[in-house]
Amino acid sequence: MSISDDVKPILEVSDLNVHYDTGQGPAKAVNEVSLSLKPGERLGLIGESGSGKTTMATALMRLTRPPGRIVSGSVILDGKDIMAMSVRELRETRLRDIALIPQGAMSSLNPVMRLEEQIIDAIAAHTTGMKRAALNARVEELLTNVGLAPKLRGGFPMNYRAA
Ligand SMILES: Nc1ncnc2c1ncn2[C@@H]1O[C@H](COP(=O)(O)OP(=O)(O)O)[C@@H](O)[C@H]1O
Ligand SMILES: [Mg+2]
């Protein structure tokens with residue numbers, strides 16, 4: 001893919017280090033990683049189990065949890081440093097500007113909660129001031145985007161079929 005040289009990166013990671021503190025010293029799961037992505041570019045990260053893919057992805061969103069810790073590095077998303085953001089800024093940025101779809105995404109959906117409630121919960125957790133009508137419209141838009149009929153909004157995840 002050729003993206004012209006004058007386009008600024010949307011994501012720039014510099015010298016990222018993420019360690020897990022263990023009884024036998026730190027496990028250096030992400031070691032001096034730098035990368036740059038421009039809008040429209042895609043990057044695949046390939047490696048065997050335990051090579052640090054999940055550690056890398058979660059650190060980009062500052063979702064690293066103990067015993068893991070981001071030791072150093074910067075993650076600049078659209079000009080803003082994720083590592084320097086306030087908790088509030090982070091909450092607004094996650095899902096809106098950067099998101100993580102975990103392995104086994106189907107098991108991330110609650111089978112006894114209507115799909116629209118789950119989507120609205122997620123949007124409401126990351127935005128402020130959206131009215132119910134706007135939330136409803138957004139749910140329909142999102143379902144349509146992934147090829148699901150809007151009427152499926154009131155159903156449960158386990159019953160889903162592409163329309
Ligand atoms: N909870 C943990 N405690 C200690 N070390 C961990 C933990 N999670 C991950 N690691 C270390 O980080 C490495 C990378 O793990 P991970 O990012 O989950 O790899 P991948 O997603 O590529 O399978 C592991 O090989 C292990 O050394
Ligand atoms: Mg993984």
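From the list Ile76, Ile82, the one residue that fits, being more than 14 Å from ligand 2 (Cβ to nearest atom), touching a Lys or Arg at 6+ places or on another chain (Cβ under 7 Å) and in contact (Cβ under 8 Å) with a residue 12 or more places away in the chain, is Ile82. Yes or no: the stretch 40-55 includes at least one residue that is within 14 Å of ligand 2 (Cβ to nearest atom), loosely packed, with under 14 Cβ neighbours inside 10 Å and of a type in the set (Val, Ile, Thr). For the stretch 40-55, residues within 14 Å of ligand 2 (Cβ to nearest atom), loosely packed, with under 14 Cβ neighbours inside 10 Å and of a type in the set (Val, Ile, Thr): present. Any residue in the stretch 101-114 that is surrounded by 15 or more Cβ atoms within 10 Å (Cβ to Cβ) and closer than 30 Å to Asn17 by Cβ? Looking for residues that are surrounded by 15 or more Cβ atoms within 10 Å (Cβ to Cβ) and closer than 30 Å to Asn17 by Cβ, one finds none in the stretch 101-114, hence no.
The set of residues in the stretch 22-36 being loosely packed, with under 12 Cβ neighbours inside 10 Å and near ligand 1 (Cβ under 8 Å from one of its atoms) consists of Thr22 alone.
Take the residues in the stretch 63-73 that are away from ligand 2 (no atom under 16 Å from the Cβ) and surrounded by 17 or more Cβ atoms within 10 Å (Cβ to Cβ), then tell me which one is farthest from the chain's Cα centre (by Cα). Among residues in the stretch 63-73 that are away from ligand 2 (no atom under 16 Å from the Cβ) and surrounded by 17 or more Cβ atoms within 10 Å (Cβ to Cβ), the one farthest from the chain's Cα centre (by Cα) is Gly73. Looking only at residues in the stretch 37-71 that are part of a loop (DSSP other than H, G, I, E, B) and of a type in the set (Gly, Ala, Ser), the one that is farthest from ligand 1 (Cβ to nearest atom) is Gly40. Can you find even one residue in the stretch 11-33 that is in a loop (DSSP other than H, G, I, E, B) and either touching a residue at least 40 places away in the same chain (Cβ under 8 Å) or of a type in the set (D, E, K, R) (or both)? No: zero hits. Within the stretch 74-90, can you find the residues that are surrounded by 13 or more Cβ atoms within 10 Å (Cβ to Cβ) and either in contact with a helix residue (DSSP H, G or I) (Cβ under 6 Å, 6 or more places away or on another chain) or on the phi > 0 side of the Ramachandran plot (or both)? Within the stretch 74-90, Ser74, Val75, Asp78 qualify.
No lab work stands behind these numbers, since they all come straight from the coordinates. No experiment lies behind these values; they were computed from the predicted model shown. So basically every Cβ, Gly included, is an ideal-geometry build from the backbone, and we count neighbours across all protein chains shown.
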